[in-house]
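Laboratory data are not the source of any read-out in this text; all were calculated from the coordinates shown. Keep in mind that what you see is a predicted model, and the values were worked out from it rather than measured. We place every Cβ from the backbone using ideal geometry, glycine too, and count neighbours over all the protein chains shown.
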Amino acid sequence: GHSPWILIAGCLLLFSVGLALPGALEAADFPRADSVIIEKDARKLHLIRNGEAMKTFDIALGIQPIGHKVQEGDFRTPEGRYLLDARNPNSDFFLSIHISYPDATDRREAASLGVDPGSAIMIHGSCVSIGCLAMGDGPIEELFLLVHDTGASKVRVLIAPCDLRRKKPQECRH
């Protein structure tokens, strides 16, 4: 068989040639989504740019998909308006993007109930989740590039029980 060093040298050569190509893509070359809409009942994540859907992904929700997250350990995915405020390239779930839950309203609601609202809600790779939004490794890699601008401007995210253009929240079924 071939020496593993030949394979490694070949990979390094291809990698270095790829870096030198004038058309080599970087994250900044991808179109940026300015917002994300998640429909929990349809298990869909829509990337939005200038008010138009640019890409839709299938997602998996936590163990208890119905209703808004209220406290740590309820296995629910929050509903509301948040921000995608950080990306984690070293996630236990391949890649992950942090959702800014809990917000001030979530913290007040949890405090009124005497509970911890929970935290660390992510959109991540892998295909299963206990309270986050899982989408598989290939799709999270693509999403990671399309929402790469999670710095100062942050990407808005709406997590809705259903398509609110067609139904009232109380009419939604998960």
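What is the distance in Å between the Cα centres of region 30-57 and region 62-103? Between the Cα centre of region 30-57 and that of region 62-103, the gap is 16 Å. The phi torsions of region 106-123, fed into the Karplus equation with coefficients 6.51, -1.76 and 1.60 and a -60° offset, translate into couplings of 4, 5, 5, 4, 5, 4, 5, 8, x, 10, 7, x, x, 6, 6, 7, 10, 9 Hz, rounded to whole numbers, with Gly and Pro shown as x.
Placing pseudo-labels 7 Å out from each Cα toward the beta carbon at residue 141 and residue 50 gives an inter-label distance of 2.9 nm. Considering only 162, 123, 90, the residue lying farthest towards the positive end of the dipole of region 27-174 is 162, judged by Cα position with unit charges set on Cβ.
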